[in-house]
Amino acid sequence: MLPDTKLVKNVLLPFCSLLMLLLAACGGGQATSNTTTSKADASKQILILPLGGSRDLKTIDPALSTDAGSITAINLVFTGLVQLDDKLQVHDQLAASHTVSSDGLTWTFKLRPNLTFSDGQPLTSADVAYSIDRALQPTVKSGVAPIYLALIKDADKLNAGKIKTIIGDGIMTPDPNTVVIITSKKAPYFLDALTYSCSYVIEKSMIDKYGNTGFADHLSQGIGGDGPFMVSKYEHGKEIEFVPNPRYYGPKPQLQKVVIPFYSESDTTYRAYQAGQVDQSIYIPSAELAAAKALPQGQFHAPPQLWISYYGMNYLMKPFDNIKIRQAFALAINKQTLAHDIYKDGAIATNHIVPQGMPGYNPDLTGPAGVKGVTGDQTLAKQLFQQGMQESGYTLANFPKITFTVSTNGRADVRNEFQVDQQTWQSVLGVAVKIDDIEYNKFLSDIPANVNNPNGVQMYAWGWIADYPDAQDWLTLQFDKGVPNNTTNYGQNKSANAARQQATQTLMEQADQTQDQAQRLSMYKQAEQQLVNDVAWIPTVQVTNVLVRKPCVVGMIDNAQSLTPPDDWANIYISTNSMCANPSQYA
């Protein structure tokens with residue numbers, strides 16, 4: 001999942017010991033509790049969760065979801081066959097049960113009985129099939145469905161426009177309560193991939209009436225959803241509001257309303273929190289961290305995240321078609337400086353693509369050129385840079401201009417990080433790097449357009465958050481040939497090392513289908529080390545999700561992906577604790 005600007009690297013409580021698999025450590029996986037107060041009356045059951053760094057949702061269409069802000073809203077309204085629980089384990093959601101054939105290719109899902117959409121229309125297997133098929137239709141232009149639904153038989157042909165549907169082919173509906181999905185290959189991670197929101201179920205009549213792009217403005221009519229909430233109001237550029245879905249099949253929410261107001265500047269959300277206008281802020285300026293940690297009644301939270309921040313370089317654009325120049329840019333950086341001086345030890349400096357806490361994490365992994373540690377090697381960086389310059393026929397006079405594209409949304413800490421990088425590349429390599437700080441929604445459009453694009457974004461700062469507990473999500477999904485996430489164009493270029501990159505892609509594909517888990521993880525570790533050597537990314541830090549939340553909010557669980565599963569909303573409510581946001585403007 002692409003990170004949202006509201007989730008910002010800041011501060012990390014002591015890491016306790018090794019992360020338990022996909023559990024938020026240091027108490028991050030515990031629900032907020034309040035034993036001294038009771039539940040507030042119904043008029044106070046309003047939860048205000050701001051979205052910082054964005055003027056609006058990028059989308060509320062499950063087929064188009066790419067960022068955490070959009071996915072938060074989508075998860076309130078829509079659900080799928082299977083989803084992750086608060087421990088980030090796969091469980092049945094719309095499905096009552098599922099089975100897989102002995103050859104691992106046929107997956108059969110039995111739906112819960114008597115499912116309906118929020119407008120009362122029946123939800124059947126035909127709706128599940130329609131929603132998955134729609135997400136893959138080329139006219140929808142989903143950037144995520146071709147990734148997460150790629151295992152479904154002939155999904156690639158549908159997305160390429162070579163066939164009109166996969167219904168009756170990759171997906172079958174033998175009766176209204178049964179969905180059968182055929183995969184093109186045996187893959188241990190299929191259910192994990194199916195938890196991504198592009199497989200969520202939407203109402204066909206809603207799309208037929210309002211179209212693929214217009215339905216968002218009609219959700220407040222109570223149509224189309226199957227999640228715990230419905231949209232009651234959507235005012236673009238200001239806020240979106242949700243109320244409980246009375247026809248939700250799971251345990252009913254206790255909250256009467258969830259409000260997501262939009263703040264174009266991330267810093268503003270913390271000021272709104274201090275002023276009692278919102279119940280949570282997932283951004284705390286570094287200057288405010290000490291005070292935030294001292295807030296009474298456990299307002300401060302810092303669950304570690306399965307999130308890597310990284311810099312990408314487009315292999316199709318000079319000078320980054322040269323491996324030694326890429327390695328020089330990577331080794332010039334002191335990542336510990338970023339983690340300690342910029343983020344006040346609120347992030348973990350790393351050379352890893354697969355983060356600590358994931359299966360397949362390699363504690364013995366080194367940086368490029370075998371460099372151990374996270375402080376870089378400035379002497380070696382200079383040597384590699386000179387060698388790369390000679391190989392490519394460059395001098396500092398004719399060296400290509402470098403533009404580093406970022407999106408800070410007014411966050412001072414992040415601006416400081418990139419300025420430190422800029423100064424480092426100048427002082428170590430003698431290269432002047434221009435920082436291009438663009439609006440976040442434009443950034444979300446520009447970077448995916450890098451794939452196979454020699455005229456795209458030259459260098460950029462981005463991040464990735466785990467979608468499911470498998471190293472495939474971090475490796476094959478990011479760097480295999482033809483995948484939409486391969487925005488550095490690893491293996492799909494004509495550089496001198498292209499053949500080795502392609503061999504690494506083949507190794508990842510083989511690991512994807514290997515049934516022996518120990519062997520599979522060993523193959524992924526080998527692939528990750530080669531990716532790091534090739535500088536497929538420059539990983540910088542593993543992020544923690546620092547936030548403050550009002551003590552009146554009871555029952556929210558902080559996990560390593562900042563997701564609230566649909567059924568968990570039944571446990572969340574507002575107490576009579578006086579330390580709470582003022583909901584009167586939304587009552």
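Each value in this text was obtained by applying a stated rule to the coordinates, not by laboratory testing. It should be emphasised that the depicted structure is a prediction, and the values quoted were computed from it without experimental measurement. FYI the Cβ positions are ideal-geometry reconstructions off the backbone, even for glycines, and counts take in every protein chain you see.
Residues in region 249-262 carry Karplus couplings, in order, of 6, x, x, 7, x, 8, 5, 8, 7, 10, 10, 10, x, 9 Hz; the curve used is 6.51 cos²θ - 1.76 cosθ + 1.60 with θ = phi - 60°, and Gly or Pro positions show x.
Can you tell me the dipole magnitude for the chain around its Cα centre, using point charges on the Cβ only (Lys, Arg +1; Asp, Glu -1), in Debye to the nearest 20? Provide the component values of the computation, followed by the final result.
Working: 45 positive and 53 negative charges, 110 e Å.
Computed charge dipole of the chain: roughly 540 debye.
Separation of region 550-587 from region 121-156 is 33 Å, based on Cα centroids. Separation of region 74-91 and region 493-534, taken as the distance between their Cα centroids, equals 30 angstrom. Exposed loop sites here are GluC sites (Glu not before Pro) assigned a DSSP state other than H, G, I, E or B and surrounded by at most 16 other beta carbons within 10 Å; excluding them, the longest clear run of the chain is 1-264. Calculated [222 nm] ellipticity per residue, helices only, for the chain: -7000 deg cm²/dmol; basis is -39500 (n - 2.57) per DSSP H run with n ≥ 4, divided by all residues, nearest 500. What the Cβ-Cβ distance of Thr165 and Asp437 gives, at R0 = 35 Å and to the nearest 0.05, is a FRET efficiency of 0.25.
Anything over 27 Å Cα to Cα? Flag those among Lys324/Lys372; Lys186/Lys335; Lys318/Lys382; Lys186/Lys525, in the order listed. Listed pairs above 27 Å: Lys186/Lys335. Each residue in Arg247, Arg271 was given a count of other beta-carbon atoms within 10 angstrom of its own, and listing them fewest first yields Arg271, Arg247. The shape of region 79-226 can be summarised by an equivalent ellipsoid whose semi-axes, obtained from the alpha carbon gyration tensor, come to 23, 19, 14 Å from longest to shortest.
Sorted largest first, the principal axis extents computed over the alpha-carbon atoms of the chain equal 69, 57, 42 Å.
Counting only residues at least eight positions apart within a chain, or on another chain, the aspartates and glutamates with an alpha carbon under 19 Å from that of Lys209 are Asp61, Asp119, Asp127, Asp133, Asp217, Asp226. To make sure I understand the rule: partners must be lysines, Cα under 18 Å from the Cα of Lys157, and not fewer than 8 residues away in the same chain. Which ones qualify? Cα-Cα hits under 18 Å: Lys141, Lys185, Lys481. Residue farthest toward the positive end of the dipole of region 304-544, with Cβ of Lys/Arg at +1 and Asp/Glu at -1: which of Ala381, Gln472, Ala330? Sorting the options by dipole projection puts first Ala381. Past the 20 angstrom mark, what percentage of all C-alpha to C-alpha distances in region 194-326 do you count? Beyond 20 Å sits 68 percent of the P(r) for region 194-326. Let me make sure I get this right: for region 304-544, a, b and c are the square roots of the gyration tensor eigenvalues over alpha carbons, sorted descending. Under 1.5 in a/c it's rounded, otherwise prolate if a/b > b/c, else oblate. Which is it? Verdict is rounded for region 304-544.
Here region 163-205 is scanned for amide nitrogen atoms under 17 Å from the site 7 Å beyond the Cα of His218 along Cα-to-Cβ, giving 202-205.
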